[in-house]
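Each reported figure results from applying straightforward, stated rules to the coordinates on display, with no laboratory input. Predicted model only: the values in this text are computed from it and were never measured. Here Cβ is always computed from backbone atoms with ideal geometry, including for glycine, and neighbour counts include all displayed protein chains.
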DNA sequence: TGCTAAAGTTAGGTGAGACTAACTTATGCA
DNA sequence: TGCATAAGTTAGTCTCACCTAACTTTAGCA
């Protein structure tokens, strides 16, 4: 099996891989139409994206069958889903954003931030959530929620 | 002057407008080649983007001349540059990110976050920067800087 | 004052990522 | 068990955002 190098995944392909990963977790398998429904794109769009992910060895596709993630795909999918969860949690529990809006913001921001920035966001969230910081976090959330 | 509606600016066009705005501020005028240099794109790319911005009434272009922002363009440009500055400041002064990396992250994140999220990030930064919070901010930055 | 070099534009092409329409394969149930 | 419907694929098109090559305009200076 010859390895080719591919550029890092585009935001779009990250979304497809993340959806496939999440659906595999929740539903046991990732059917193409469910990915399309989750991402609100057409069937051919999913088909093309899966082919691109398969070319990178991230998913295995038996034609007309379910999408399965390779070991690499599982690792990357988990990482992307983790970035998403981390940001959503920060938006909700630190900034006090409405969960639906936090979800949208996380979807977009997860492709924009560097590993290091993400790590620091996570650390900040953890710091502010320590029990000793209860009052501070409450005040911060109050401050974030107020109009400026 | 007939107004057409246009969809909101794409991330790419926001970048061009932001660059034009910033150059106008620092250099007094925005020459096309400077925009291209700032964004690391070719002359024709700038030319095309300026045409698109002009079609939306955001910039005035006299052929072969400097790019000037309209009143709308100035407003939007200032807003976009503000988002950028706000995020960079958060990354540097709250998360303790290296300024060069903060710049890159801000460039990408400025297109990803909603108005509300941005507002709350700003409020959080303001909150943590109040003098009464000196020790907390220092501890937070220390926590963010440490490996997890 | 005219020529050259820098700046800007036009023309044409590429690749990503989306779409619709039409086709193929798989599935489930009468 | 065969056929209708659901799921997936193929083909072809569109737009966006970039590129190079070649052309035009502007401007500076000998």
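What's the angle, to the nearest 10 degrees (0 to 90), between helix A:115-129's Cα axis and the longest principal axis of chain A?
40
With angles folded into 0 to 90 degrees, how steeply does helix A:99-109 sit against the dominant principal axis of chain A? Use alpha carbons for both and round to 10.
For helix A:99-109, the angle is close to 60 degrees.
How high is the relative contact order of the range A:2-46, given as a whole-number percent (alpha carbon pairs under 8 Å, six or more residues apart)?
29
Suppose you put the label 7 Å out from Cα in the Cβ direction; list, shortest first and in nm with one decimal, how far residue A:37 is from each other copy's label.
5.4
How many angstrom lie between the Cα centre of the range A:123-148 and the Cα centre of the range A:1-52?
Going from one Cα centre to the other spans 36 Å.
Using helices alone, what [θ] at 222 nm do you get for chain B, with -39,500 (n - 2.57) per DSSP H run of 4 or more residues, divided over all residues and rounded to the nearest 500?
Working: 7 runs with 95 residues, N = 148.
That calculation yields -20500 deg cm²/dmol at 222 nm.
Residues in the range A:106-142, backbone N under 18 Å from the label point at residue A:98 (7 Å along the Cα-to-beta-carbon vector): list them, ranges by number please.
Counting only backbone N, you get A:106-108, A:142.
Angle check, please: helix A:43-55 long axis (alpha carbons) against the longest principal axis of chain A (alpha carbons), in degrees 0 to 90, nearest 10.
Orientation of helix A:43-55: about 80 degrees from the principal axis.
Over chain B, what relative contact order in percent results from Cα pairs under 8 Å that are six or more residues apart?
About 18 percent, as a whole number.
Compute the label-point distances linking residue B:146 to its equivalents in the other copies; points lie 7 Å from Cα along Cα→Cβ; give nm, one decimal, shortest first.
3.1
So what is log10(I(q)/I(0)) for the range A:81-145 at q = 0.12, 0.17 1/Å, when the Debye sum runs over its Cα atoms only?
Result of the Debye calculation: -0.28, -0.56.
Using a simple spin-label model with points 7 Å from Cα along the Cα→Cβ vector, what separation in nm is obtained for residue B:29 and residue B:51?
In this crude spin-label approximation the distance works out to 2.2 nm.
Work out how far the C-alpha atoms of chain B reach from end to end along every principal axis, then list the three figures in whole Å, largest first.
55, 29, 27
Can you give the translational diffusion coefficient of the protein assembly as shown in µm²/s, computed by Stokes-Einstein from the Kirkwood radius over Cα pairs at 10 °C and 1.306 mPa s? The partial results should precede the final answer.
Values: Rh = 21.4 Å.
For the chosen part, D equals 74 µm²/s.
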